[in-house]
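K.L.:
Can you read through this structure? Questions will come right after.
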Amino acid sequence: MTDLDSFRSDTRAGLEANCPPEMRQPMRSEDDACWGGRNWTFQSDAQRQWLEAMAERGWTVPDWPRDYGGGGLSADETRILKQEMARIGARQPLYSFGISMLGPALLKFGTEEQKRRFLPEIARGEIRWCQGYSEPGAGSDLAGLQTRAEDRGDHWLVNGQKVWTSYADKADWIFCLVRTSSQSKQGGISFLLFDMATPGVSTKPILLISGYSPFCETFFDDVAVPKDQIVGEVNKGWDVAKYLLGHEREMIAGMGLGSGGSLGAAMRPGDPLLRAEIAAFDVDALAFGAMSERFIAMWKAGEAHPASPSMMKYAGTELNKRRNELVMAAGGSDALEWESERTRGGQPARDWLRSKGNSIEGGTSEIQLNIAAKHILRLPGA
């Protein structure tokens, strides 16, 4: 056997031995996802066992360096691990903005001390992060943010407000964009990390039309942040922010893949035209999956176009919205149900409503199309 064949064999045996049967079942709702953090309550012993087994091998972040809690796997080995997890239907052991967004930014811009302090905790699921980017007056024009951080000698003093802060009411820490200079919009932004339990931090949930929401408003009133918790250089946080946004858009694009199964295999409507639409969707989903695998490999190798995450985010968003439209169409009047146990509390309708937000979060679809038009297609006037 080749080295990769041997790795696949060992990985398959390890997953079979360590993944509990309960963790091989499709998630019934978002409540089945494991987010970790200091206030996390495991839903079951199986959920705890699965996270601990994967974290011990560094497989919650398989391609991160071992020194920072990762598995140290190559791109090919990481792909094999994902394939073998998919083969047995294994759930992700840990969902984390620390993994999908902050971690890559720290690996690129963080100091050695910051990497060793935060990355192993992220990999083990011991710290849960939220993202402090958007503000009431700075959404699509993110560089217009006004949350300020004043230099007070031995610390920063932060005042302002963020909005659409996902899971801020449950997070342990926040990675936050703040204004440290007014000389230029993008040139006066810095990237801070601080504990959500710091005096002066408060949150207020935002309810969506779907009936539930991860979003919050977040307020900062004279929040003292140690000087060493800035990532990158002062007034150059925009570079960190843009890099992180690429990874966030990669994460949101992944929604287009759904659970990875065929929509046609799950639904068999009597209407031949609807069956044809579902079949067309399955073909497009397979194509998007192949494109995603290629994009991720190029992105991690530093070979992808800087604007390609915008293209992927838009495509994945539209695919996820289309999936939910088809689920609603195939479900007929039953899909309009809102509260019964039979539909898991109206899950199809709530998922359909929630999918509309995909075209806003992480940068609106219009913004993504503008970026692709200008930087990839180089259209005149874009």
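The values are calculated or read from the model by the stated rules, or taken from the named source; none is laboratory data. These numbers were taken from a predicted model, which means no experiment stands behind them. As a convention, Cβ positions derive from the backbone with ideal geometry for all residues, glycine included, and neighbour counts pool all protein chains shown.
K.L.:
Do you know which residues across the stretch 171-216 are of a type in the set (G, A, S) and in contact (Cβ under 8 Å) with a residue 24 or more places away in the chain?
P.N.:
Within the stretch 171-216, A171, S181, G187, G188, S190, A197, G200, S210, G211 meet the criteria.
K.L.:
Of the conditions (1) assigned by TED's automatic domain parsing to the domain that holds F7; (2) over 16 Å from the mean Cα position of the chain (by Cα); (3) within 15 Å of L192 (Cα to Cα), K115 satisfies every one except a single condition; which number is it?
P.N.:
With respect to (1) assigned by TED's automatic domain parsing to the domain that holds F7; (2) over 16 Å from the mean Cα position of the chain (by Cα); (3) within 15 Å of L192 (Cα to Cα), K115 is out only on (1).
K.L.:
Now a separate question. So which of A290, A304 ends up being part of a helix (DSSP H, G or I), aliphatic (A, V, I, L, M) and on the phi < 0 side of the Ramachandran plot?
P.N.:
A290
K.L.:
Could you pull out the residue among E318, E339 that is acidic (D, E) and either in contact with a Phe, Trp or Tyr (Cβ under 9 Å, 6 or more places away or on another chain) or assigned to a helix (DSSP H, G or I) (or both)?
P.N.:
Going through E318, E339 in turn, just one is acidic (D, E) and either in contact with a Phe, Trp or Tyr (Cβ under 9 Å, 6 or more places away or on another chain) or assigned to a helix (DSSP H, G or I) (or both): E318.
K.L.:
Related question: Pairs only if they're at least six apart or on different chains, beta carbon under 8 angstrom, first in the stretch 158-170 and assigned by TED's automatic domain parsing to the domain that holds G357 and buried (at least 16 other Cβ atoms within 10 Å of the Cβ), second assigned to a loop (DSSP other than H, G, I, E, B) and not charged (D, E, K, R); list them, first residue then second.
P.N.:
Final answer for the pair search is none.
K.L.:
Still on this structure, I have one more. I need a count of the residues in the stretch 350-366 that are within 21 Å of Y243 (Cα to Cα) and at pLDDT below 90.
P.N.:
Count: 7.
K.L.:
Kindly indicate which of E318, E293 is closer than 30 Å to A241 by Cβ, modelled with pLDDT of 90 or more and among the charged types (D, E, K, R).
P.N.:
Exactly one residue qualifies, and that residue is E318.
K.L.:
For L379, are the conditions met, namely being over 26 Å from L273 (Cβ atoms), touching a helix residue (DSSP H, G or I) at 6+ places or on another chain (Cβ under 9 Å), part of a loop (DSSP other than H, G, I, E, B) and not small (G, A, S)?
P.N.:
Judged against the criteria, L379 is a match.
K.L.:
Only one residue in R268, R344, R354 is outside any loop (DSSP other than H, G, I, E, B) and outside the structural domain of S134 (by TED's automatic domain parsing). Which one?
P.N.:
Of R268, R344, R354, the one residue that is outside any loop (DSSP other than H, G, I, E, B) and outside the structural domain of S134 (by TED's automatic domain parsing) is R354.
K.L.:
Is it the case that some residue within the stretch 334-345 is more than 27 Å from A241 (Cβ to Cβ), among the hydroxyl-bearing types (S, T, Y) and modelled with pLDDT under 90?
P.N.:
Scanning the stretch 334-345, I find at least one residue that is more than 27 Å from A241 (Cβ to Cβ), among the hydroxyl-bearing types (S, T, Y) and modelled with pLDDT under 90, so the answer is yes.
K.L.:
Now a separate question. Can you tell me which residue in the stretch 306-323 is surrounded by the fewest Cβ atoms within 10 Å (Cβ to Cβ), limited to those that are of a type in the set (A, V, I, L, M, F, W, C) and under 12 Å from L369 (Cα atoms)?
P.N.:
Result: A307.
K.L.:
Here's something else I'd like to know. Between residues in the stretch 331-360 that are on the phi < 0 side of the Ramachandran plot and touching a residue at least 24 places away in the same chain (Cβ under 8 Å) and residues that are β-branched (V, I, T) and in a loop (DSSP other than H, G, I, E, B), which pairs lie under 6 Å by C-beta distance while being six or more apart or on different chains?
P.N.:
Listed by first residue and then by second, the contacts come to L353/I209.
K.L.:
Right, here's the next one. Answer with yes or no whether R179 is under 25 Å from the mean Cα position of the chain (by Cα), among the charged types (D, E, K, R) and more than 19 Å from N39 (Cβ to Cβ).
P.N.:
Against the criterion (under 25 Å from the mean Cα position of the chain (by Cα), among the charged types (D, E, K, R) and more than 19 Å from N39 (Cβ to Cβ)), R179 qualifies.
K.L.:
Among the residues in the stretch 141-152, are any in a strand (DSSP E or B), at pLDDT below 95 and not assigned by TED's automatic domain parsing to the domain that holds E52?
P.N.:
Looking through the stretch 141-152, none of the residues is in a strand (DSSP E or B), at pLDDT below 95 and not assigned by TED's automatic domain parsing to the domain that holds E52.
K.L.:
I've got another one for you. Based on what the data block shows, is R378 on the phi > 0 side of the Ramachandran plot and either in contact with a Ser or Thr (Cβ under 7 Å, 6 or more places away or on another chain) or at pLDDT 90 or above (or both)?
P.N.:
Judged against the criteria, R378 is a match.
K.L.:
Can you tell me which of E303, E293 is within 19 Å of the chain's Cα centre (by Cα), surrounded by fewer than 18 Cβ atoms within 10 Å (Cβ to Cβ) and either over 24 Å from Y212 (Cβ atoms) or in the same structural domain as Y212 (by TED's automatic domain parsing) (or both)?
P.N.:
From the options E303, E293, the qualifying one is E293.
K.L.:
Being touching a helix residue (DSSP H, G or I) at 6+ places or on another chain (Cβ under 8 Å) and under 12 Å from Q131 (Cβ atoms) is the filter; apply it to the stretch 97-115 and report the residue that is surrounded by the fewest Cβ atoms within 10 Å (Cβ to Cβ).
P.N.:
This residue is S100.
K.L.:
Just give me the residues in the stretch 186-214 being β-branched (V, I, T) and either part of a strand (DSSP E or B) or buried (at least 19 other Cβ atoms within 10 Å of the Cβ) (or both), in sequence order.
P.N.:
I189, V201, T203
K.L.:
Let me ask something else about it. Inside the stretch 1-108, counting only helices (runs of 4 or more DSSP H) that do not spill past its ends, which hold 3 or more residues that are hydroxyl-bearing (S, T, Y)?
P.N.:
Passing ranges, in order: 3-18.
K.L.:
Determine whether the stretch 333-350 contains at least one residue that is crowded, with 18+ Cβ neighbours inside 10 Å and under 26 Å from A290 (Cβ atoms).
P.N.:
Scanning the stretch 333-350, I find no residue that is crowded, with 18+ Cβ neighbours inside 10 Å and under 26 Å from A290 (Cβ atoms), so the answer is no.
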